[in-house]
Amino acid sequence: MIHLAPFYDQLEAVQLGDAHFDAQGRVVLGGDIDRKTICLRPMRKGLPEISAERIGEQIRVHLYGHGGSGWTLLWGSVNKAMALFEERARAHKLNDQVSVTVIGAGCMGKAVALSLYQAGYRNLRVVAEKDDGIASLNSTGYLAMVSMATENKSEKKEAEQLAIETLKGYQKVDKGTHSIINEGVHLIDVYSGLGKEGEEGPLETYTGIEPFAEAGLLPKPEQGVVKFSTGVNYPMQKFRTYFMDTAVIMAAFDRELRTRNIPVVRGTIGSLDDIKTDVVFNCSGLGAAKLNHDDRVYPNMGLLLELAHQPLNKLDYIIYTRYQPPGAPKRASPVDKADIYFMPRRGGLLGATFIDHNDGSDNALNEALFTRILRENKQFFGYSL
Ligand SMILES: Cc1cc2nc3c(=O)[nH]c(=O)nc-3n(C[C@H](O)[C@H](O)[C@H](O)COP(=O)(O)OP(=O)(O)OC[C@H]3O[C@@H](n4cnc5c(N)ncnc54)[C@H](O)[C@@H]3O)c2cc1C
């Protein structure tokens, strides 16, 4: 599957010369490190839940559980939820005067609210416990099928279909022809390793871009050499995918919601039965574990070190690779989980862990993982420890 067009890319290294550890080995804030962020991916065993049901006179549409690929599955998932809703609405002869509550102000909830408006529904409101510090805003916005919990080939295939439809949506955003938003998306190079198991340095990694490249929707990967400005160089594989600036897109959603007078109300829904509108869209992410009594939903923790003072105009690339640090005890990381994960989001960030069934409350573990992230990134980018 590898297209043999060698490249030799000279890249600016992420600046980590002014990033330090304290006497206990913890990452110190200041210098190149701006913030330590702990966030949770709304995982769901199997596929995300996208379904519609009728409870009494009410139609409920569920749209949650997208794990680490919610932005990658966004448009495909929203379109599917809308199609299920329209089918029910036709069957029950609903008109566009019906009242609709959308629970959740993440990318799913906001995109659904705007899609409903576009379909003619005007009696809409979004209710959310939080619209800051949520997965959709912390997400790094890399278009790739990673960190999902599909359990068999047919589920994987179904998820890929949603992702491919979503990619087509972002292509429209990029061209300025999308019907909802037209900003915050661009193509970007993604580098991952070529090393074999047991070797040192960047190792072969499933980047999650492969399904798009195989479908001919994104370029096939190339093998070549990356040389960083610090002098280190590695044989690497280069992919190309879309990078979604999630903060910019969420701000665009907010602006479009305001322009259309769709209220976003702060509130916590205790039970779906408490909502009296004709229609409910349940886009509550992890909240669905309780709201829809869904025991397949669980958190997966992602830690991010947000950076400061980076020459971001020269850092327009992604590193997504497993990594065996030189001289370190050999360890087995899953093929599809990156150890070195640099994304040029906001001021630039390093991450990310993928820890299942972890709600982020174990501070000692978090600190140990932040230390590992910084230590390994310093080694990878060619800084002394
Ligand atoms: C560190 C990290 C990196 C990621 N990187 C990527 C990436 O590169 N690419 C990618 O595609 N995806 C990525 N993701 C995944 C992506 O961010 C999520 O899948 C996506 O944001 C989920 O969106 P959502 O709208 O379903 O949920 P959320 O953004 O979690 O929103 C849920 C909303 O529901 C509300 N809510 C919950 N319960 C209730 C209740 N009872 N009452 C009222 N409101 C409620 C919440 O307050 C919130 O507003 C990443 C996630 C993390 C954490």
Residue range of the chain that is longest and free of trypsin sites (Lys or Arg not before Pro) which are both DSSP loop and sparsely packed (at most 12 other C-beta within 10 Å) = 94-195
ask   = Using the alpha-carbon atoms, what tilt in degrees (0 to 90, nearest 10) does helix 363-381 show relative to the longest principal axis of the chain?
value = 50 degrees
query = Which pairs, out of Lys172/Lys314; Lys110/Lys314; Lys36/Lys337; Lys110/Lys238, put more than 23 Å between their alpha-carbon atoms?
reply = Lys172/Lys314; Lys110/Lys314; Lys110/Lys238
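Exposure proxy check: Ser115, Ser51 ranked by fewest other beta carbons within 10 Å? Mind dumping the intermediate values first?
Values: Ser115 19, Ser51 14.
Neighbour counts put them in this order, fewest first: Ser51, Ser115.
Just the C-alpha atoms of region 260-329: what Rg/Rh do they give, with Rh taken as the Kirkwood radius?
On the way: Rg = 21.0 Å, Rh = 17.7 Å.
In region 260-329, Rg relative to Rh is 1.19.
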Chymotrypsin sites (Phe, Trp or Tyr not before Pro) lying in DSSP loop within region 1-91, provided at most 15 other Cβ fall within 10 Å = Phe7
task = Please determine, in degrees from 0 to 90 and to the nearest 10, the orientation of helix 246-259 with respect to the longest principal axis defined by the Cα atoms of the chain, where the helix direction is its Cα long axis.
result = 20 degrees
request  = Step through the residues of region 135-147 one at a time and calculate ³J(HN,Hα) from phi using the Karplus curve (6.51 cos²θ - 1.76 cosθ + 1.60, θ = phi - 60°), rounding each to whole Hz and writing x for Gly and Pro.
outcome  = 3, 4, 8, 7, 4, 8, x, 9, 7, 6, 8, 10, 6
Cα extents of the chain along the three principal axes, largest first (Å) = 66, 47, 39
task = Check each of the chymotrypsin sites (Phe, Trp or Tyr not before Pro) in region 153-250 and keep only those in coil by DSSP with at most 15 other C-beta atoms within 10 angstrom; list them in order.
result = none
message = Below 16 Å, Cα to Cα, which lysines can Lys378 reach? Residues fewer than 8 away in the same chain don't count.
response = Lys227
query = Karplus couplings for region 87-98 from phi (6.51 cos²θ - 1.76 cosθ + 1.60, θ = phi - 60°), rounded to Hz, Gly and Pro as x?
reply = 4, 5, 4, 5, 4, 9, 6, 7, 9, 7, 8, 4
note = Interchain or sequence-distant (5+) residues whose placed amide H lies within less than 5 Å of the amide H of Arg35 are Glu306
inquiry  = Within a 10 angstrom radius of the beta carbon, how do Cys39, Cys107 rank from fewest other beta carbons to most?
reply    = Cys39, Cys107
ask   = Is region 246-385 best put as rounded, prolate or oblate by its Cα gyration tensor, with a ≥ b ≥ c the root eigenvalues, rounded for a/c under 1.5, and otherwise prolate when a/b is larger than b/c, oblate when not?
value = oblate
ask   = Considering only DSSP states other than H, G, I, E and B, which chymotrypsin sites (Phe, Trp or Tyr not before Pro) in region 346-385 qualify as loop sites with at most 11 other Cβ atoms within 10 Å?
value = none
key: For region 143-206: rounded, prolate or oblate by the Cα gyration tensor [a/c cutoff 1.5]   = oblate
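Looking at the chain only, what percent of DSSP beta bridges run antiparallel? Nearest 5 please.
Values: 50 of 75 bridges.
Antiparallel bridges make up about 65 percent of those DSSP assigns within the chain.
Each reported figure results from applying straightforward, stated rules to the coordinates on display, with no laboratory input. All figures in this text were calculated on a predicted structure; none of them were measured in a lab. Please note: Cβ atoms are built from the backbone with ideal geometry, for glycine as well, and neighbour counts cover all protein chains shown.
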